[in-house]
Amino acid sequence: MSLSEAPPAGSRVAVTMTKWVAVPHWTFEAVVLGTDVHGDWLGLRAGTPMSRPGASYVAPTDQVVLVPPAGPELGRAWLATFHGEGGPLDAYVDMTTPPVWDGTVLRAVDLDLDVLRGPTGRVWVDDEDEFAEHRVTLGYPPEVCDLAVASCERVRALAEAGAAPYDGTAQGWLARL
C-alpha cells in the first residue's frame, strides 16, 4: 500500500495527529467508509474516544472525516470533520500538512488554524492566535506558514460558498456509517 492509498472500505484505522516537530496531538480510531472525488471518507460513531496528552474528548455524535485526495499540496493541506445531526458544529476543518496513509494509520501535522461552520451556517477561522505563537515558538518554516494560510483561505471560501464538499455531501457518508 502506498502512502497515498487508503485501506479498503471496512478497515479499522487510526488517525494520528501531531504538532510540529512530532509533538503528540489528537489520536482516535475510525473505519474507512469509502472514497469519492473528494477523497477518502472515514467514520466514527458517537461515543468514540479521542485523546491527546493532557486531554480527552468523546464524540457527541456520529462523525465523518474527509481525507483529501492526491493532488497539489494546497488542495490537500487539511482534514475535515463533519458532525451528524445535533453536533456542536456542522464542520470542523483542521489545517494540516498534507495527510498521508502509512498502512492503517493516517498521519498529519496540525498547523493550528481551523475553519469551523456552525449549525446555523456561520463560518469562521479559529486559533489564529495559536498559529501566530507557534510560528515563532515551534519554528514553522515560511513555506509551511504560507501553505497553512493559503489552505485556510481556500477552505473558508469553499465552506462559505457551500461548495463541495461543504454542500451536504457528508450527509450521504453519515448515512452509510
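The values are calculated or read from the model by the stated rules, or taken from the named source; none is laboratory data. Predicted model, so just to flag it, every value in this text is computed and none were measured. Here Cβ is always computed from backbone atoms with ideal geometry, including for glycine, and neighbour counts include all displayed protein chains. Accessible surface areas use protein heavy atoms only, side chains included; no ligands, DNA or RNA. Shrake-Rupley method; radii C 1.70, N 1.55, O 1.52, S 1.80 Å.
Could you report the accessible area of THR169 in Å², rounded to 10, computed with a 1.4 Å probe on the protein chains as they sit in the structure? For THR169, the solvent-accessible surface is approximately 30 Å². Using a probe radius of 1.4 angstrom, the carbon and sulfur fraction of the accessible surface of the stretch 53-115 is 57%. Scaled to the globular estimate 2.2 N^0.38 Å, the Cα spread of the stretch 12-74, given as radius of gyration, is 1.22. Hydrodynamic estimate: the Kirkwood radius of the chain over Cα pairs, inserted into Stokes-Einstein at 20 °C and 1.002 mPa s, corresponds to D of 132 µm²/s.
Keeping all protein chains in place and using 1.4 angstrom, which order do PHE28, PHE82 fall into by accessible surface area, from largest down? Display every interim value, and only then the final one.
Values: PHE28 30, PHE82 5 Å².
Order by accessible area, largest first: PHE28, PHE82.
The shape of the stretch 112-177 can be summarised by an equivalent ellipsoid whose semi-axes, obtained from the alpha carbon gyration tensor, come to 28, 12, 11 Å from longest to shortest.
Protein-only accessible surface at a 1.4 angstrom probe places the residues ASP146, ASP114 in the order ASP146, ASP114, largest first.
For the stretch 64-115, the alpha-carbon coordinates run over 32, 24, 17 Å along the three principal axes, in decreasing order.
Projecting label points 7 angstrom from Cα along Cα→Cβ for ARG45 and THR104 puts them 1.7 nm apart. Using every pair of separate Cα atoms, the Kirkwood estimate puts the hydrodynamic radius of the stretch 66-155 at 13.7 angstrom. Note on the chain: with a GNM built from Cα contacts shorter than 10 Å, the maximum mean-square fluctuation among ALA161, ALA148, ALA91 falls on ALA161. Using the 1.4 Å probe convention, the accessible area of the chain works out to 47 Å² per residue with neighbouring protein chains retained. With the simple spin-label model, which puts each label point 7 Å out from Cα in the Cβ direction, the VAL23 to ALA55 separation comes to 1.2 nm.
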